[in-house]
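Just so it is clear, none of the values below were taken in a lab; they were calculated from the coordinates. Every value quoted in this text rests on a predicted model; they were computed, and no experiment measured them. Heads up, the Cβs are rebuilt from the backbone with ideal geometry, glycines too, and the neighbour counts pull from every protein chain shown.
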Amino acid sequence: MADDPQRNFRSAYYEKMGFRGVEEKKSLEILLKDNPLDLEKLSTFSQRFPLPSMYRIHVWKVLLGILPPHSDSHALVGGYRREQYQDIKEALEVMRYINSSTPSTLVYLRMFQLENQDEESEDFLAVSRAMEEIVDDPVDCYWLIKCFITQFYTKFGDSVPHLPKSLEHYLSQEEPRLLAHLKSTGALLQLPYSLWFRRCFAGCLPECSLQRVWDKVISGSCKILVFVALEILLSYKIMLLGINRPEGVVNFLSNIPQENTDAIVTKAVELWQKYCGNPVHAV
């Protein structure tokens, strides 16, 4: 779709006056009135813009297949999801795998394992702890965790092992001196790739910043994870250049300061768009 000069002027005006996102919110509301919902347009919107917090969980549920595209079925399907949740939870209680004092994240893990025979737990628990801070309702929380992790490994499981090499490539473009330092100290091979890529920054970024990254992952891009990692390295370049032991680098990057993360995510999205382009969005 060709750029609309009037729309661009309005967007620039809103942004200048402090109303950034007003036009985008209206566009999303129009998309959400479609029946059935257009998943491709919703995905494209989520790739281009941060989702407004009041619509984020609903859009995630649709994009992850927890709710169907037909809006008039949402209440019915939501009821089925709640019943499934209760049935699985009760089965675990009967088998004495959980009880009333079991932490909710462990309950979610046991439910997931019962359905999937999956032994992997640390990544699941990290994502669960983060999702629990974002989502209030335990039924929604469980389904979002389950479907987020399932979709991530179904769609991107083959790509995840290649993300460190991709990070190295983009770092060579943006800051070759830092890349050389990380290589010479042996830190490059020991960066917290599992925290960044397998857990999608759960446990690394505070949830207010993390959910903006997950907007992009859920709507179809695992490449955004590379650029968040890249921007973390660029943001702390001076400090990292002063650390000569790989364990020192890893320790710092595994526990980055939490006050600057919104700016890091914003710059990461800009880098992602710079290298990967901006999806065309039409309402």
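A compact table of results
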{"quantity": "Cut-off 18 Å, label 7 Å out along Cα→Cβ of GLN84, residues of the stretch 125-158 by amide N", "calculated": "137-155"}
{"quantity": "All Cα pairs of the stretch 181-274, percent lying beyond 24 Å", "calculated": "17 percent"}
{"quantity": "In the stretch 234-274, the chymotrypsin sites (Phe, Trp or Tyr not before Pro) that fall in loop regions by DSSP, at most 12 other Cβ within 10 Å", "calculated": "none"}
{"quantity": "Prolate/oblate/rounded label for the chain (Cα gyration tensor, a/c 1.5)", "calculated": "oblate"}
{"quantity": "Distance-filtered residues of the stretch 132-155 - backbone nitrogen under 12 Å, label point 7 angstrom along THR102 Cα→Cβ", "calculated": "none"}
{"quantity": "Separation of alpha-carbon centers, the stretch 145-165 and the stretch 189-251, rounded to whole Å", "calculated": "15 Å"}
{"quantity": "Rg [Å, one decimal], Dmax [Å, integer] - the stretch 83-142, C-alpha atoms", "calculated": "11.0, 30"}
{"quantity": "Förster radius 30 Å - calculated FRET efficiency between GLU207 and SER159 (Cβ-Cβ, nearest 0.05)", "calculated": "0.75"}
{"quantity": "Length released on extending from GLU259 to LYS183, taking residue separation times 0.36 nm less the Cα-Cα span", "calculated": "24.5 nm"}
{"quantity": "Size descriptor, Kirkwood hydrodynamic radius, that averages inverse alpha-carbon separations across the stretch 81-236, Å", "calculated": "17.0 Å"}
{"quantity": "Lysines with Cα under 28 Å of LYS61, excluding same-chain neighbours fewer than 8 positions away", "calculated": "LYS25, LYS26, LYS33, LYS41, LYS89, LYS146, LYS155, LYS216, LYS223, LYS267"}
